[in-house]
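Worksheet: the structure to be examined is printed underneath.
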Amino acid sequence: MIYSDYSIKFDRTGFPLIQLDGWSHFIGLFPVSKYQFERFLVDDEASGYTDEWYRGILELNPRRSWRKTGDRIWELFITGLDRDVIDDFLGYLGPDYRLPSLDEWKALLEVSEYIAEISPALKMICNGRSPEPVLHWLEAGLCPLMREGIFERIHGIGNKVAGKPFHGLLPNTWAPEELKEVKMDMVRGMIGFRVVRE
C-alpha cells in the first residue's frame, strides 16, 4: 500500500513495516513485541519451544499487558533471545525476513521523528489490518522507539548493538546510532530486534 512518500506492508502477525522512497526494503515500525512472538509460539508448535522455556525468557524481561504501556514500555517487547531463536522467528515470518543492517537501522532512525508525526495516519492505515496492540501503540506514539527504546540486534555486527534503552531500563546518555559493544549475558534482557523484509 503506497501513501505519498512511503509504503506499508504487514507481516503475518499483522504488524506494520514501512518503506520510504528510495529504500529497497521494508522495516518494522516497532521492535518485535511479545505479542508477535507469542503468535509464533502458538502457530509453530513444532518448533519445540516449551512453556517452561518461555518462562525462562520472561524472567529476563517480564510480560506486560499490551494495554498498559505505563512507564515500563520495554516489557512489551521480546528480549533475551539467542540468534538461533531469532532465526526461527524470522523463518516463521517468511523467507524474505532478516535483521536490519546498520545502514537500514540508521535510515529509520533518521526519519523517526517524521514517523512519530504521521502516527495518526499510520493508525488509520493499520485499522482493520493490524491487531489491537498496534493501534493502541500508534495512538500512544510508541513508534518507532529509536531514540529511546531497547538495545537492538543488527545484522553482521556480532556483540555490538544499536539503540538507546529507556532511562528506566538502563540510565544512560548514549546516542542511539552509536554501536555499543556489550557482554550479552549482562544485558541480555535489554536486547531485542526489529525485522526487515526485502
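The values are calculated or read from the model by the stated rules, or taken from the named source; none is laboratory data. From a predicted model like this one, the values you see are computed outputs, not experimental measurements. Virtual Cβ from ideal backbone geometry, glycine too; neighbours counted across all protein chains shown.
Worth a mention:
- Every residue from the stretch 113-172 that is among the aliphatic types (A, V, I, L, M), closer than 22 Å to R98 by Cα and within 14 Å of the chain's Cα centre (by Cα): V134, L145, M146, I150, I154, V161, A162
- Filtered residue count, the stretch 39-53, keeping only those that are of a type in the set (S, T, Y) and either part of a helix (DSSP H, G or I) or free of Cβ contacts under 8 Å to residues at least 12 places away in the same chain (or both): 2
- A single member of A107, A162 is surrounded by 16 or more Cβ atoms within 10 Å (Cβ to Cβ) and under 19 Å from G22 (Cα atoms), and it is A107.
- Qualifying residue in the stretch 72-91 (condition: closer than 23 Å to L145 by Cβ and at pLDDT below 90): yes
- Qualifying position, being of a type in the set (A, V, I, L, M, F, W, C), over 22 Å from K180 (Cβ atoms), assigned to a loop (DSSP other than H, G, I, E, B) and at pLDDT below 95, among W23, W66: W66
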